[in-house]
Amino acid sequence: MAYKIFIDQGHNPQNPNAGAEGNGLREQDLVYVIGILAGELLSASPDFEVKYSRETPDQILGTSVATSLKARVDMANEWGADFFISLHANASNISQASGSEGFAYSRQSAGYAMGEDILTELNLSTGLQNRGMSVRPSLYVLRKTQMPAVLIELGFITNEYDAALMRDEPGIFAEGIYNGVLRYYNL
């Protein structure tokens, strides 16, 4: 039996629910590519089946931020996903802020454990600092999914180095996500 992994490439290509911008890049574009590459790695294994929130880079979900988030969660819930992974790029007013971090509904959740594994592997594949996992039960995609969920901030789009790495080396981020999922499932 294959694990059903739902990859949510955070945000829409334009409003409603467009993402952060920095260094001439857009969050929604970076995470779209990284999500597809991670899904391709997972799909190449008989252990995984993958679905994406955005099948194409120009796909828009919902007509507001609320309906965009609901559409993503509803897709995963209706599919009966085993795990929900939402990918994002962080932003900060402090241009030196760098690294990867994650959020889960609770410390006891499977999402927290998988997030730790993904962050460990992202650090190994990208060299970016592992900023750790935090609990954020208020996030809609963590609160409304019927399966364990994790939100991963891959790097800071407002940091010149992080942003260039996400743009130029999306495969190393995908590899980190893939290896983190393997680590979580002991595969």
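The values are calculated or read from the model by the stated rules, or taken from the named source; none is laboratory data. Just so you know, these numbers come straight off a predicted model, no measurement behind them. When we count neighbours, we look across all protein chains shown, and the Cβ atoms used for this are built from the backbone with ideal geometry, even at glycine. Ligands, DNA and RNA are excluded from the accessible area calculation, which covers all protein heavy atoms including side chains. Shrake-Rupley method; radii C 1.70, N 1.55, O 1.52, S 1.80 Å.
E78 passes every criterion in (1) open to solvent by 30 Å² or more (accessible area, probe 1.4 Å); (2) in a loop (DSSP other than H, G, I, E, B) apart from (2).
All conditions but one from (1) assigned to a helix (DSSP H, G or I); (2) open to solvent by less than 50 Å² (accessible area, probe 1.4 Å) apply to T67; the one that does not is (2). Scanning for something assigned to a loop (DSSP other than H, G, I, E, B) and among the polar types (S, T, N, Q), does segment 166-183 turn up at least one residue? No: zero hits.
Comparison of A91, A149 shows that the only residue that is closer than 27 Å to V73 by Cβ, of a type in the set (A, V, I, L, M) and in contact with an Asp or Glu (Cβ under 8 Å, 6 or more places away or on another chain) is A91. Taking into account only those residues within segment 85-130 that are in a loop (DSSP other than H, G, I, E, B) and touching a helix residue (DSSP H, G or I) at 6+ places or on another chain (Cβ under 6 Å), which is most open to solvent (accessible area, probe 1.4 Å)? Here the answer is Y105. Determine whether segment 149-157 contains at least one residue that is part of a loop (DSSP other than H, G, I, E, B), in contact with a helix residue (DSSP H, G or I) (Cβ under 6 Å, 6 or more places away or on another chain) and surrounded by 22 or more Cβ atoms within 10 Å (Cβ to Cβ). Yes, the conditions are met somewhere in segment 149-157.
Kindly indicate which of R107, R72 is of a type outside the set (V, I, T), closer than 21 Å to A18 by Cβ and at pLDDT 95 or above.
Within the list R107, R72, the selection yields R72.
Take the conditions (1) in contact with a helix residue (DSSP H, G or I) (Cβ under 6 Å, 6 or more places away or on another chain); (2) within 23 Å of E49 (Cα to Cα); D82 misses just one of them, which is (1). When the residues of segment 14-57 are filtered to those that are part of a loop (DSSP other than H, G, I, E, B) and in contact with a strand residue (DSSP E or B) (Cβ under 8 Å, 6 or more places away or on another chain), the one that is surrounded by the fewest Cβ atoms within 10 Å (Cβ to Cβ) is D47. Filtered by the rule that a residue be open to solvent by 30 Å² or more (accessible area, probe 1.4 Å) and either free of Cβ contacts under 8 Å to residues at least 60 places away in the same chain or among the hydrophobic types (A, V, I, L, M, F, W, C) (or both), segment 165-178 gives D168, E169, I172.
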